[in-house]
Amino acid sequence: MQAIQFTAPGKIAIIDLPEPPAPGPGEALVRTHRMGICGTDLSCYLGKFPFFDYPRTPGHELGLEVVAVADDVTHVNPGDKCSLEPYVNDPSSHTSQKGNSNCCPGVQVIGVHNNGGLRKGVFAVPARKLHPGNDLTYDQLALVETLAIGYHAVQRGNPQPGETVLVIGAGPIGLACLEFLKLMDVRAVVMDMVPGRLDFCRENLGIQHPIAFQPDGSHLASLEKITGGQLADVVIDATGNPKSMATCFDYAAFTGRVVYVGITTSDLTFPHAAVFHRRELTLLASRNALPADFGKIIGLIRDGKINTDLWITHRIRFDDVPAEFGKFTDPALGAIKAIIEVN
């Protein structure tokens, strides 16, 4: 079968991969219909993402069709439409046993640590990682994983009614956070340096407090005005930018929580005594998402609480990926979410 392969930073080829003859125990054979392009895919393409080696077939934000299942698989059937939870953990590990399969020490992310779903034919996945959503479209199912990342980050911050939550970075993960914050009894604030992204948040997500980042630091006064000088009870940094991640503590209220959902390979330094210690802040990391998050999000989409149509701004066909994928690394394109039509 044909598959897309990242062969080296900035280089893409269409290759042939073998198809598995039958699912093994606990497995399902699936076919990709839609793949969402996310920041991880772009970083992998550019050679900037940790844990990624070449050559590799990407694809972890997937809308899938189940083609066949092993005899011991009962929760999905051939013909089912599913979203994929791409974090393959060791169920026997201490971390997984505690319920934290998202950050199991040996977790392998499909499409990052091993070959993913950007291919024409069928491939095998652990059936326990499939989340059926037969009343959703393949487009919608391909967005569930991105939304799950944001949902988990919000849960890590644990915002309480009446609190202010600042999301830094209005890319797909930041937008995913805002999707869930707008359903909560909190004041959601978003900060970004791209005016078009802030306009999108205001017009499509109903976020009433967008803040334009200013290199001179004057945006802090905007946050102080919105919060009456109290700043944000929860700060979620979705940028992956080391400078932003090092300075975002300035926006946190006393006893506030800071959540890193963006990822960087750089070492970070930040003011301890003057800000972090004095305000008694809590710093949290947010990695991947939990199995229950997928079912929760599928239900919210089904109930009309999340409108995924607003997200999809660009589409490309499978055959056009080698020539067109690179354009999505340019922020000037204005892509919120691009979808690859695979089958």
Quickly run through the range 24-36 and pick out the residues that are surrounded by fewer than 23 Cβ atoms within 10 Å (Cβ to Cβ) and either under 21 Å from ALA148 (Cα atoms) or of a type outside the set (Gly, Ala, Ser) (or both). PRO25, GLU27, ARG31, HIS33
Which of (1) more than 16 Å from ALA232 (Cα to Cα); (2) of a type in the set (Lys, Arg); (3) under 18 Å from the mean Cα position of the chain (by Cα) does ARG128 not meet, given it meets every other one? (3)
Do we find that THR308 is out of contact with any Phe, Trp or Tyr (no Cβ under 8 Å at 6 or more places or on another chain), of a type in the set (Val, Ile, Thr) and modelled with pLDDT under 95 in this structure? yes
With criteria (1) surrounded by fewer than 22 Cβ atoms within 10 Å (Cβ to Cβ); (2) touching a residue at least 24 places away in the same chain (Cβ under 8 Å); (3) within 26 Å of LEU333 (Cβ to Cβ), ASN134 comes up short on (3)
In the range 2-14, what residues are surrounded by fewer than 14 Cβ atoms within 10 Å (Cβ to Cβ) and within 13 Å of ARG119 (Cβ to Cβ)? ALA13
The lone exception for ARG287 - which of (1) over 30 Å from PRO91 (Cβ atoms); (2) in a loop (DSSP other than H, G, I, E, B); (3) within 16 Å of the chain's Cα centre (by Cα); (4) modelled with pLDDT of 95 or more it fails: (1)
Starting from the range 37-66, keep only residues that are in the same structural domain as GLN108 (by TED's automatic domain parsing) and buried (at least 22 other Cβ atoms within 10 Å of the Cβ), then list their pairs with residues that are in a helix (DSSP H, G or I) and charged (D, E, K, R) whose Cβ atoms are within a distance under 6 Å, requiring at least 6 positions of separation or different chains. PRO58/ASP41; GLU61/GLU145
For the range 324-343, name all the residues that are surrounded by fewer than 13 Cβ atoms within 10 Å (Cβ to Cβ) and closer than 16 Å to PRO172 by Cβ. ASP330, PRO331, LEU333, GLY334
THR7, sole failed condition from (1) more than 30 Å from ILE301 (Cα to Cα); (2) of a type in the set (Ser, Thr, Tyr); (3) not in a strand (DSSP E or B): (3)
Sole miss for LYS120 among (1) over 20 Å from PHE6 (Cα atoms); (2) touching a residue at least 12 places away in the same chain (Cβ under 8 Å); (3) among the charged types (D, E, K, R); (4) out of contact with any Leu (no Cβ under 7 Å at 6 or more places or on another chain) is condition (1)
Please go through (1) more than 26 Å from GLY217 (Cα to Cα); (2) touching a strand residue (DSSP E or B) at 6+ places or on another chain (Cβ under 8 Å) for ASP192 and return the number of the only condition it doesn't satisfy. (1)
How many residues are over 30 Å from ALA13 (Cα atoms), surrounded by fewer than 18 Cβ atoms within 10 Å (Cβ to Cβ) and not charged (D, E, K, R) if we restrict to the range 295-323? 6
Which numbered condition GLN230 misses (of (1) within 21 Å of the chain's Cα centre (by Cα); (2) more than 18 Å from LEU147 (Cβ to Cβ); (3) among the polar types (S, T, N, Q)): (1)
Within the range 10-47, work out how many residues are assigned to a loop (DSSP other than H, G, I, E, B), at pLDDT below 95 and within 22 Å of PRO172 (Cβ to Cβ). 2
For the range 57-86, enumerate the residues that are β-branched (Val, Ile, Thr) and within 14 Å of GLY116 (Cβ to Cβ). THR57
So the check is Cβ under 7 Å with 6+ separation or different chains; which pairs have a first residue in the range 220-234 that's surrounded by fewer than 20 Cβ atoms within 10 Å (Cβ to Cβ) and a second one that's small (Gly, Ala, Ser)? GLN230/ALA253
Give me the pairs: first residue in the range 235-258 and touching a residue at least 60 places away in the same chain (Cβ under 8 Å), second residue polar (S, T, N, Q) and in a strand (DSSP E or B), beta-carbon distance under 8 Å, and six or more apart or on different chains, which are they? ALA253/THR164; ARG257/THR282
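Touching a residue at least 60 places away in the same chain (Cβ under 8 Å), closer than 29 Å to CYS248 by Cβ, of a type outside the set (Gly, Ala, Ser) and out of contact with any Pro (no Cβ under 7 Å at 6 or more places or on another chain): does that describe ILE306?
Numbers: touching a residue at least 60 places away in the same chain (Cβ under 8 Å): yes; closer than 29 Å to CYS248 by Cβ: yes; of a type outside the set (Gly, Ala, Ser): yes; out of contact with any Pro (no Cβ under 7 Å at 6 or more places or on another chain): yes.
So ILE306 passes the test.
Which residue out of ILE236, ILE226, ILE207 is more than 20 Å from TRP311 (Cβ to Cβ) and in contact with a strand residue (DSSP E or B) (Cβ under 9 Å, 6 or more places away or on another chain)? Please lay out each step first, then the result.
Working: ILE236 fails: more than 20 Å from TRP311 (Cβ to Cβ); ILE207 fails: more than 20 Å from TRP311 (Cβ to Cβ).
Testing whether each residue is more than 20 Å from TRP311 (Cβ to Cβ) and in contact with a strand residue (DSSP E or B) (Cβ under 9 Å, 6 or more places away or on another chain) leaves just ILE226.
The values are calculated or read from the model by the stated rules, or taken from the named source; none is laboratory data. Because the structure is predicted, anything quoted here is derived from the model rather than measured. Note: ideal-geometry Cβ built from the backbone for every residue, glycine included; neighbour counts use all protein chains shown.
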